[in-house]
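These notes concern the structure reproduced below.
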Amino acid sequence: MTNPVSEQLITPDLSELARKTGLVVRPLDPAAIDTLFAELEKDDVDERAETFDYLKHALNETRASVGAEPVYRE
């Protein structure tokens, strides 16, 4: 069951982020997340680390483009 109060707090920020960055923002699906992590576990450890580093950098760049603080510090 969704919490309408939390949706009101989160949705405007995500909508604004989507508008500013062109990202498609969708609700989280626990089954899809489980599938994603199961697939990631099949990959090479070094490749996963490299991908994670890339994604951290990309997230920080995206946040910087809208004037937000970086999530990950180097």
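Quick note: the coordinates plus some simple rules give every number you see, no bench work behind them. Fair warning: this is a prediction, and the values are worked out from it, not measured in the lab. In this analysis, Cβ positions are derived from the backbone assuming ideal geometry, glycine residues included, and neighbour counts consider all displayed protein chains.
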In nm, the gap between the two label points placed 7 Å beyond Cα toward Cβ at D29 and L59 is 2.1 nm
Quick calc, D43 & V71: beta-carbon distance into FRET formula, R0 22 Å, rounding 0.05, result 0.45
